[in-house]
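K.L.:
What follows is a single structure, and I will ask about it in a moment.
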C-alpha cells in the first residue's frame with residue numbers, strides 16, 4: 001500500500017465501525033483493523049474522522065448568498081439535465 005489511513009470511522013450503508021484503510025494508486029484497496037505502516041512508512045492517523053468509501057458528495061450551494069458573496073452557478077447550471085452515469089438502473 002502507498003498510504004494507510006489509520007483510526008478511521010468507516011461508514012457504509014449498513015454499518016459504522018473503526019478500521020484502517022489501505023490506499024494504493026489513489027484507490028482504497030483494503031479496509032481492516034491493524035494494517036500497520038505502508039511500505040514507504042506513510043501512515044496518517046485520521047483521528048476517528050468519518051470515511052465513506054464509495055460515497056458521493058452531492059452537496060451544493062447553488063444560488064447561495066451570504067455576507068455579500070454569491071455562488072457562481074445558479075440552480076440550472078449547477079445541476080446538469082442529463083448525466084447517464086448518475087442514473088440509477090435496476
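K.L.:
Among the residues of region 1-17, what is the count of those that are surrounded by 11 or more Cβ atoms within 10 Å (Cβ to Cβ) and under 12 Å from residue 52 (Cα atoms)?
P.N.:
Within region 1-17, the first condition is being surrounded by 11 or more Cβ atoms within 10 Å (Cβ to Cβ), and the residues that meet it are 1-12, 17.
Going one step further and asking which of them are under 12 Å from residue 52 (Cα atoms), we end up with 8-12, 17.
Result for region 1-17: 6.
K.L.:
Being within 12 Å of residue 3 (Cα to Cα) and at pLDDT below 90 is true for just one of 88, 37, 66. Which residue is that?
P.N.:
Working: 88 fails: within 12 Å of residue 3 (Cα to Cα); 66 fails: within 12 Å of residue 3 (Cα to Cα).
The conditions single out 37.
The values are calculated or read from the model by the stated rules, or taken from the named source; none is laboratory data. Just so it is clear, the model here is predicted, and its values are computed rather than measured. Counting neighbours? That spans all protein chains shown, and the Cβs are built from the backbone with ideal geometry, glycine included.
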